[in-house]
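Asks: I am attaching a structure below and will ask some questions about it afterwards.
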Amino acid sequence: MPARDLALLTEAAREAGRIALRYWRREPKVWDKGGEHGPVSEADLAVNDMLKQRLLDARPDYGWLSEETPDDPARLACDHVFIIDPIDGTRAFIAGEETFAHSLAVAHRGQVTAGVVFLPALDRIYVASDSSAPLRDGQAIAASRRERLEGADILTTKVNLAPEKWPGGVPEVQRHFRASLAYRLCLAAEGRFDGMLTLRDAWEWDIAAGSLIAAKAGAVVTDRVGAALRFNTPSALAEGVLALPPGPHAEALGRLQAPQM
C-alpha cells in the first residue's frame, strides 16, 4: 500500500504544480487569514480543491488534514489520513520566489508511510515511503554525516538561535534559510545542509512528508525535546522539529535542556 500511495501522491503533486504555476508571478488574489496564520492565495485554494477531490476519490476511506480545509475531527478515527500543505511557503509563492513547495503525505496510525515534496518552479521532486529509499528526481539521497554540531550549516530562522531558547548555550552554527519547512527538511535529507531545526510548534502539514524523507535519508528526526513525531493528532501540531545527523542531534538536545542544579 505505501508504494501505491506514493505513486498516487507523486501524480497528484505534479498536477498541483501545474495548477500553481498558472498563478505564479501573475499577481494572484491574496487574503490574510488573520492572527498568525499568514496569507492565503487563490492558488492555495485551487490546489487544495484539486488535491482533496483527487486523493479522496482514490482513497475514500482515508481521513483528510490540510492547511486550507476546516479541520474535521472525523479524521482521528481513520487508520490512514492524507496530510497536505497545498503550498508550503505561500509568502515566497506570492513574492514570485522559486522555493515554494507542495507537501503531500499519508500517515498510518500516527506514522508517515509515504511522502512527496515537489517544488514546481524548480521542477524538483523528493519522494520516500516506509518501504523505499528517499529520492530526489529519481536519484538516491543521503543526509550529512557530520559528527559535530559546532560549525554545521543549519537551516533555521534567527529566532530559533535566541539565547533564551538554549539553556546549555547557543551552538556556533552557520545559519541558512528557505521559506518552506518541507523544503528545509528535504535539503537536510540530501545533505546539502547539515540539518534543520525549528523550535516553534510546527503544523503537521508542513513537516509530515519532509520528516519521512529526512529520516529515511539517515537524519535523526524528533521534536524539540527528542520525542518521536506523531501525526494525525488532535492539535495537528508538533513541538518543533530537529532533523540532524546523530552526533549533532544529541548535542543539540543536550544544549536545549536546562542545566542540572
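The values are calculated or read from the model by the stated rules, or taken from the named source; none is laboratory data. If you're wondering where the values come from, they're calculated on a predicted model, not measured in any experiment. A quick note on method: Cβ atoms are made from the backbone with ideal geometry, for glycine too, and the neighbour counts reach across all protein chains shown.
Asks: I need the full set of residues from the stretch 12-44 which are closer than 21 Å to residue 82 by Cα and among the aliphatic types (A, V, I, L, M), in order please.
Replies: 12, 13, 16, 19, 20, 40, 43
Asks: While we're looking at this one, here's another question. Considering only residues of the stretch 243-253 that are surrounded by fewer than 24 Cβ atoms within 10 Å (Cβ to Cβ) and not in a loop (DSSP other than H, G, I, E, B), which is nearest to the chain's Cα centre (by Cα)? Let's see the steps before the verdict.
Replies: To start, the set of residues in the stretch 243-253 that are surrounded by fewer than 24 Cβ atoms within 10 Å (Cβ to Cβ) comprises 245-247, 249-251, 253.
From the residues that got through so far, the ones that are not in a loop (DSSP other than H, G, I, E, B) too are 246-247, 249-251, 253.
Details: 246: 20, 247: 22, 249: 18, 250: 21, 251: 23, 253: 20 Å.
Among them, the one singled out is 249.
Asks: For the stretch 21-42, name all the residues that are hydrophobic (A, V, I, L, M, F, W, C) and either farther than 14 Å from residue 68 by Cβ or within 19 Å of the chain's Cα centre (by Cα) (or both). Lay out the reasoning, then the answer.
Replies: Kept after step one, since they are hydrophobic (A, V, I, L, M, F, W, C), are these residues of the stretch 21-42: 21, 24, 30-31, 40.
Listed by number, the residues that qualify are 21, 24, 40.
Asks: What residue, of 209, 202, is touching a strand residue (DSSP E or B) at 6+ places or on another chain (Cβ under 6 Å), of a type in the set (Gly, Ala, Ser), more than 15 Å from residue 156 (Cα to Cα) and outside the structural domain of residue 123 (by TED's automatic domain parsing)? Please lay out each step first, then the result.
Replies: Working: 202 fails: more than 15 Å from residue 156 (Cα to Cα).
Being touching a strand residue (DSSP E or B) at 6+ places or on another chain (Cβ under 6 Å), of a type in the set (Gly, Ala, Ser), more than 15 Å from residue 156 (Cα to Cα) and outside the structural domain of residue 123 (by TED's automatic domain parsing) holds for just one of 209, 202, which is 209.
Asks: Which ones in the stretch 145-175 are over 17 Å from residue 200 (Cα atoms) and not basic (Lys, Arg)?
Replies: Going through the stretch 145-175, the residues over 17 Å from residue 200 (Cα atoms) turn out to be 145-153, 168-169, 171-174.
147, 149, 150, 151, 152, 153, 168, 169, 171, 172, 173, 174, listed by residue number.
Asks: Out of the residues in the stretch 128-140 that are crowded, with 22+ Cβ neighbours inside 10 Å and touching a Pro at 6+ places or on another chain (Cβ under 7 Å), which is farthest from residue 61 (Cα to Cα)? Break it down into steps so the answer makes sense when it comes.
Replies: Keep residues of the stretch 128-140 that are crowded, with 22+ Cβ neighbours inside 10 Å, which gives 128-129, 134.
Now narrow it down to the ones that are touching a Pro at 6+ places or on another chain (Cβ under 7 Å): 128-129.
Numbers: 128: 22, 129: 20 Å.
In this case the residue turns out to be 128.
Asks: Continuing with the same structure: Collect the residues in the stretch 28-44 that are part of a helix (DSSP H, G or I) and within 18 Å of residue 204 (Cα to Cα), keeping them in residue-number order. Please lay out each step first, then the result.
Replies: From the stretch 28-44, those part of a helix (DSSP H, G or I) are 42-44; that's our starting set.
Correct list: 44 only.
Asks: So, in the stretch 51-70, exactly how many residues are in a helix (DSSP H, G or I), crowded, with 16+ Cβ neighbours inside 10 Å and of a type outside the set (Lys, Arg)? Even if it seems obvious, please write down each step before you answer.
Replies: Residues of the stretch 51-70 that are in a helix (DSSP H, G or I), as a first pass: 51-58.
Now narrow it down to the ones that are crowded, with 16+ Cβ neighbours inside 10 Å: 51-52, 55.
The next check asks that each one be of a type outside the set (Lys, Arg); those that pass are 51, 55.
Matching residues across the stretch 51-70 total 2.
Asks: Looking at the structure I just gave you, is residue 95 free of Cβ contacts under 8 Å to residues at least 12 places away in the same chain and not basic (Lys, Arg)? Steps first, answer last, please.
Replies: On the way: free of Cβ contacts under 8 Å to residues at least 12 places away in the same chain: yes; not basic (Lys, Arg): yes.
For residue 95, the condition - free of Cβ contacts under 8 Å to residues at least 12 places away in the same chain and not basic (Lys, Arg) - is met.
Asks: Still on this structure, I have one more. Using the structure shown, decide if residue 114 is farther than 19 Å from residue 19 by Cα and either part of a helix (DSSP H, G or I) or modelled with pLDDT of 95 or more (or both). Give the derivation first.
Replies: Numbers: farther than 19 Å from residue 19 by Cα: yes; either part of a helix (DSSP H, G or I) or modelled with pLDDT of 95 or more (or both): yes.
Spelling it out, residue 114 is indeed farther than 19 Å from residue 19 by Cα and either part of a helix (DSSP H, G or I) or modelled with pLDDT of 95 or more (or both).
Asks: Residue 3 versus (1) modelled with pLDDT under 95; (2) within 30 Å of residue 200 (Cβ to Cβ); (3) assigned to a helix (DSSP H, G or I): which is the lone unmet condition?
Replies: (2)
Asks: Sticking with this one: Please work out which one of (1) within 16 Å of the chain's Cα centre (by Cα); (2) not in a loop (DSSP other than H, G, I, E, B) is the condition residue 159 fails and give its number.
Replies: Just one mismatch for residue 159, condition (1).
Asks: While we're looking at this one, here's another question. Which residues, taken from the stretch 179-210, are in a loop (DSSP other than H, G, I, E, B), in contact with a Gly (Cβ under 8 Å, 6 or more places away or on another chain) and modelled with pLDDT of 95 or more?
Replies: Initial filter on the stretch 179-210 (in a loop (DSSP other than H, G, I, E, B)): 179-180, 190-194, 199-201.
Applying the additional criterion that residues be in contact with a Gly (Cβ under 8 Å, 6 or more places away or on another chain) yields 179-180, 199-201.
The answer is 180, 199, 200, 201.
Asks: Can you tell me which residues in the stretch 104-124 are under 17 Å from residue 56 (Cβ atoms) and buried (at least 24 other Cβ atoms within 10 Å of the Cβ)?
Replies: Answer for the stretch 104-124, where residues must be under 17 Å from residue 56 (Cβ atoms) and buried (at least 24 other Cβ atoms within 10 Å of the Cβ): 104, 105, 106, 107, 114, 116.
Asks: Looking at the stretch 168-208, which of its residues are crowded, with 19+ Cβ neighbours inside 10 Å and among the β-branched types (Val, Ile, Thr)?
Replies: Hits for the stretch 168-208 are 173, 198, 207.
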